Amino acid sequence: MQERFNKNMKPGRVSVLAFCILIGLSPISSAQDATSKKIVEIGTQDPQVMTWLDILTNRFGGRMTGSDNYSHAARWTKNQMQQWGIEAELEEAGQQSVGFNRGPWFGKILTPIEKPLRFGTPSYTAGTKGVQRGPAVLGPATVAEAQARMAEFKGAWVLIAGESRGMGRDGRKEYKPDAITLKLIEAGALGTLQAGKEPLSLLDAKPTTWETLPSLPDIKLNATQYNEIQEQIKKGEKPELEFDIRNWFFPGPVAFHNVVARIKGTEKPDEYVVIGAHLDSFDSATGAVDDGSGMSPTIEAMRLLAKAGAKPKRSIVMLASAGEELGILGAAAFTEKHAKSMDKMVMMLNRDGAPGAISGITVPSAWKAPFERVAKSLQGQSGEFGFELKTSDYPRIRAEALSGTDASAFSMKGVPTPSASNKTDFVYGRTWHTLLDTYNEVVPYAKAQQHSAIAIALMAYEVANAPETLSRDGYYLPSGLYVELVTNQGNVLVELQAELAPANVGRLVAQLETNFKPPAFNPGAARLSTPPAPIGQANIINGKWEFRLHGKWPETALNEITKKAANSQGHVVAINAQGHLLIATADSPFTNEFNVIGRFTAGQETLNKIDSNTELRQIRVIRVGAEAKAFLGEGQQKK
């Protein structure tokens, strides 16, 4: 048998095998190291990430779903993959009832002093009929006033009240003008102007049918200029404005597509590692940051893998998605189309945020080995940015609705979606959905962007090629009713067991969801330079961890006898009438004022750090599964 094996081996392969045995490596690991080394070498010596961003933003521009720009960018992305020898196709992700393209737009004050205006219009709103001039007038407050001033609005630009947040005047999900707007259309107004703060935000206002296209331009004007025009009118002056807005529609239905590319696995082709970003963008600018800064390193990562000759055991799939800005349409369509493969997807690594350098990642401890290889490959290349590998078995919360970004569509299906850390000083809110989202904003981060492309390629390759089994067990939080305590030392998670003390659990849930609800996440909001004021304190007293909330708690006591928890293991959680929580070992005695309400779930490292200086920053209830969602706290009613 050995003789036959040797005869079938080429001399070069025998010497490689012998060398690997001598130094304690397998031929597979040697090839793996060589491929990783090649990825880094190509990425550093021939960086192309800014080339792809330049094409996406300066050749195609803003890539609104349902526009020619998006369609052209999708075809280019597919063709580019194919030129590198990567399988790629366009997968239909949905249809728009009508198409929309944006041309250039111009506007100025003609009198009393001529000067340009800074403004924009949401996508899927009307343009002008060529160059249109007319007086500026104050808008009506009521329908009755609109009716009485119909003649005044004819051929005029109408200043309407309210501060623009970038959404269309007549609805974002459906074109539905209100009664005052209908009166302005009937009167023959040229368009409306609404004030907006800088940086000027512009989103969309999708109409529903070709028969109900909007006809009245919806201008969002720099607030300073808006106020100046408004004051001129109030003084009795008659400012004249001129606009030329080249928005135009074309008949639908207009299909839009995801770009799906694949490097087929050699041993487990039906297991997948997905890397992705969204190809679409709002089109008031060119979508360079959101999400060109995520899409271009993802494209570059695929080039690096192809040029390095990567032949991973599992398949690597790139998803360049459509319709993220319209509600994560493309990623949702992908997960539905490939629903039978979701349990074969090892992970989905999504890139959507500020331009910068991937400087590390946090993964479950069972996943440590392949990411250690990533860190090793980046040694010497990541000195400026670093790559810190952290492990945490703290369970993640599985998304239950499409929100935030494309990763949520995969999380809903149970696919792990680890999030890489991003080293950057970029102020994301400055460009997020604004007129400033252009190529030049990313140029200072070119080196960081290339580093991210190399890191994405290495992570995809090492996970796809890992001999280890990368289990999902424990990645997501199972069904249940939980409370998460966020401290300056880290997070602690406890599970509430309502059957132990229904009244106490009901009161706790109601109080937290009513009085201590964390603010909604807003990626466009300015980041706080200092943490918010604590909402409570934590400490360790007599071997028990205590969490006290500031603020009012019901003064009425709950006289409830806790049912004994069966087979209690680990730490248990108790509460008193003032809402103070205690975590202690299962066999630790509690005073009579405390009732056991659940068990400790995760965050032992945080508990070990708690001392008298520990602040409670946030606290929230987490409901996972139908039973937890149906649970009603004290005074709560069904929604």
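The values are calculated or read from the model by the stated rules, or taken from the named source; none is laboratory data. What you see is a predicted model, and the numbers here were worked out from it, not measured in a lab. For neighbour counting, all protein chains shown are included, and Cβ atoms are generated from backbone atoms with ideal geometry for every residue, glycine included.
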Discussion item. Step by step: first the residues of segment 287-305, then only those that are in contact with a strand residue (DSSP E or B) (Cβ under 7 Å, 6 or more places away or on another chain) and not polar (S, T, N, Q), then the one that is surrounded by the fewest Cβ atoms within 10 Å (Cβ to Cβ). Which residue is that?
Written reply: G294
Worksheet item: Has segment 605-616 got at least one residue that is modelled with pLDDT of 90 or more, within 30 Å of K413 (Cα to Cα) and buried (at least 17 other Cβ atoms within 10 Å of the Cβ)?
Response: yes
Worksheet item: Of the residues that make up segment 436-450, is at least one on the phi > 0 side of the Ramachandran plot and touching an Asp or Glu at 6+ places or on another chain (Cβ under 9 Å)?
Response: no
Worksheet entry | Hits in segment 105-147 - residues which are among the polar types (S, T, N, Q), under 39 Å from the mean Cα position of the chain (by Cα) and farther than 30 Å from K173 by Cβ | none
Discussion item. Being out of contact with any helix residue (DSSP H, G or I) (no Cβ under 8 Å at 6 or more places or on another chain) and touching a residue at least 60 places away in the same chain (Cβ under 8 Å): is that true of G429 here?
Written reply: yes
Practice prompt. Only residues that are in a helix (DSSP H, G or I) and farther than 21 Å from I233 by Cα: list them for segment 148-182, please.
Written response: A179, L182
Discussion item. Let me confirm something: among N465, N491, which residue is polar (S, T, N, Q), modelled with pLDDT of 95 or more and surrounded by fewer than 24 Cβ atoms within 10 Å (Cβ to Cβ)?
Written reply: N491
Worksheet entry | K235 vs. criteria touching a Ser or Thr at 6+ places or on another chain (Cβ under 9 Å) and either loosely packed, with under 14 Cβ neighbours inside 10 Å or without any contact (Cβ under 8 Å) to a residue 60 or more places away in the chain (or both) | no
Discussion item. If V49 meets every condition in (1) surrounded by fewer than 17 Cβ atoms within 10 Å (Cβ to Cβ); (2) in contact with a Pro (Cβ under 6 Å, 6 or more places away or on another chain) apart from one, which number is that one?
Written reply: (1)
Discussion item. Tally up the residues in segment 251-289 that are in contact with a Gly (Cβ under 9 Å, 6 or more places away or on another chain) and part of a loop (DSSP other than H, G, I, E, B), please.
Written reply: 9
Discussion item. I need a count of the residues in segment 98-116 that are surrounded by fewer than 20 Cβ atoms within 10 Å (Cβ to Cβ) and either in a strand (DSSP E or B) or in contact (Cβ under 8 Å) with a residue 40 or more places away in the chain (or both).
Written reply: 12
Fill in: The listed residue being modelled with pLDDT under 85 and surrounded by 10 or more Cβ atoms within 10 Å (Cβ to Cβ), out of P554, P532, P502
P532
Worksheet item: Do you know which residues across segment 290-322 are part of a loop (DSSP other than H, G, I, E, B) and either at pLDDT below 95 or at negative phi (or both)?
Response: A308, A310, K311, P312, K313, A322
Worksheet item: Considering only residues of segment 341-376 that are within 20 Å of H257 (Cα to Cα) and charged (D, E, K, R), which is nearest to the chain's Cα centre (by Cα)?
Response: D352
Practice prompt. Scan segment 432-481 residue by residue and report those that are under 24 Å from G62 (Cβ atoms), part of a loop (DSSP other than H, G, I, E, B) and β-branched (V, I, T).
Written response: T438, V442
Practice prompt. Run down Q450, Q489, Q497 and say which single residue is in contact with a helix residue (DSSP H, G or I) (Cβ under 7 Å, 6 or more places away or on another chain), assigned by TED's automatic domain parsing to the domain that holds A538 and in contact (Cβ under 8 Å) with a residue 60 or more places away in the chain.
Written response: Q489
Worksheet, complete the sentence: Filtering segment 433-443 for residues that are within 18 Å of the chain's Cα centre (by Cα) and over 30 Å from H338 (Cβ atoms) leaves a count of 2
Worksheet, complete the sentence: Expected output for segment 188-199 (first residue surrounded by fewer than 21 Cβ atoms within 10 Å (Cβ to Cβ), partner part of a loop (DSSP other than H, G, I, E, B), Cβ below 6 Å, 6+ apart or cross-chain) is G188/K154; P199/L436
Worksheet item: Within segment 413-422, is there a residue that is hydrophobic (A, V, I, L, M, F, W, C), at pLDDT 95 or above and surrounded by 19 or more Cβ atoms within 10 Å (Cβ to Cβ)?
Response: yes
Worksheet entry | Qualifying positions in segment 365-384 - crowded, with 21+ Cβ neighbours inside 10 Å and assigned to a loop (DSSP other than H, G, I, E, B) | S382
